[in-house]
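J.: My structure is below; once you've seen it, I'll send some questions.
The values are calculated or read from the model by the stated rules, or taken from the named source; none is laboratory data. Everything quoted here is computed from the prediction, not taken from an experiment. As a convention, Cβ positions derive from the backbone with ideal geometry for all residues, glycine included, and neighbour counts pool all protein chains shown.
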Amino acid sequence: MSKTTIALFANKNSSQLNAIRDAVLEQNAEPIMFNIQLEGEDQPHVVMNGNKIKWNDVDFKNINAIHVRCTALNTLPALPPMLNARSYTDFRSQYLREQELQATTYCFFSRLKALNKLVINPLTTAYIEHDTKAQLYDKLRANGFDAPVTMSTNSPELLKNFLKKYPDVVIKPAIGVGSTRDITDYDFTHMDDLHTCPAMVQERIFGDTIRVHIVGDKVVLALKIISDDTVDSRTNTREFEYYKLPDEEEERIVKANRLLGLHFAAWDIIVSKTNNRYVYLDCNPGPYIMWTGPENRMYVFRQLANYMITYSQTQSIKQASDAIIAWKPH
């Protein structure tokens, strides 16, 4: 009997993809690694023609599980400064070319998904919501999940009113992955800058930040982040501690994950110290796991490999999820 083949996509020389490859090999399956970048010296040849789908010389007819490390449409919030007409033309040409490359990538994975292949994760709007969090918070609240009170605005007056109502607030980028920080005296004296650059402000939730890793329909591993920074736990992170969410909260966050169409993700939540709220801060649909340490990351990757291999052999999401084993303390 031939080995189960798992397709793994990421940018070239991805250390995380190498770790997932090792987890797949441990379970006696065959990983095939692909550089997802459609340009440069290693540009692959991609073919989609009816049911014929090939990336370089690899035919995906008998590949039933595909993992995508992380990719998202490159949509800029604004054009960069241009020195002259030539620099604008160069930028415009590159930008248009990127759109064609991204469209091809999007169609490739969408076509695989349409053929009932397991794609982790398809290029859903979750990537957009990860980068533009305001709509993520609105979607979560609309579906009954707890998210911080948030306002995005380019109006100094509306921001001042928000600060009167919520004296403890943080400010964070409206797009991207920049740090969260307290509002400072500088911000109060430069509110007119909002006219050219809107800001996102949010009620501050005091409590422990938990990174929750989900594979399929199970919370595989939840970790409390121990950091020297009391506002942004990603800054000066010292260590991670195992954290057990209540069973009902595990079920809720799995539902939130499926709401976004995801098979694999890492969520950031805060457990409020004052009223035991579980407040959802962010969902990472292409999560970086390497920072959690060798034992934690390999456990997550082994369960991810288990999920993909079981689906490849059964074509059943339920059986693949049932095969997942959540972390238990030693």
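J.: Looking at the structure I just gave you, is ASN306 assigned by TED's automatic domain parsing to the domain that holds VAL220, loosely packed, with under 14 Cβ neighbours inside 10 Å, over 25 Å from HIS130 (Cα atoms) and not aliphatic (A, V, I, L, M)?
T.: Against the criterion (assigned by TED's automatic domain parsing to the domain that holds VAL220, loosely packed, with under 14 Cβ neighbours inside 10 Å, over 25 Å from HIS130 (Cα atoms) and not aliphatic (A, V, I, L, M)), ASN306 does not qualify.
J.: Against the definition (without any contact (Cβ under 8 Å) to a residue 60 or more places away in the chain and more than 21 Å from PRO148 (Cα to Cα)), how does HIS263 come out, yes or no?
T.: no
Results for (1) out of contact with any His (no Cβ under 7 Å at 6 or more places or on another chain); (2) surrounded by 17 or more Cβ atoms within 10 Å (Cβ to Cβ), shown as yes or no for each residue.
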residue: THR274; (1), (2): yes, no
residue: TYR278; (1), (2): yes, yes
residue: CYS283; (1), (2): no, yes
residue: GLY286; (1), (2): yes, yes
residue: GLY293; (1), (2): yes, no
residue: MET298; (1), (2): yes, yes
residue: PHE301; (1), (2): yes, yes
residue: GLN313; (1), (2): yes, no
residue: SER316; (1), (2): yes, no
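J.: In the stretch 85-119, which residues are β-branched (Val, Ile, Thr) and either over 23 Å from LEU17 (Cα atoms) or in the same structural domain as LYS318 (by TED's automatic domain parsing) (or both)?
T.: Of everything in the stretch 85-119, just one residue is β-branched (Val, Ile, Thr) and either over 23 Å from LEU17 (Cα atoms) or in the same structural domain as LYS318 (by TED's automatic domain parsing) (or both), namely THR89.
J.: Still on this structure: Filter the stretch 181-219 down to the residues that are over 25 Å from the mean Cα position of the chain (by Cα) and crowded, with 19+ Cβ neighbours inside 10 Å and list them by number.
T.: Of everything in the stretch 181-219, nothing turns out to be over 25 Å from the mean Cα position of the chain (by Cα) and crowded, with 19+ Cβ neighbours inside 10 Å.
J.: Could you grab me the full set of residues in the stretch 262-272 that are buried (at least 20 other Cβ atoms within 10 Å of the Cβ) and either modelled with pLDDT under 90 or within 12 Å of the chain's Cα centre (by Cα) (or both)?
T.: Hits for the stretch 262-272 are LEU262, HIS263, PHE264, ALA265, ALA266, TRP267.
J.: Take ILE53 and decide whether it is at pLDDT below 95, closer than 19 Å to SER110 by Cα and among the β-branched types (Val, Ile, Thr).
T.: When the stated conditions are applied, ILE53 passes them.
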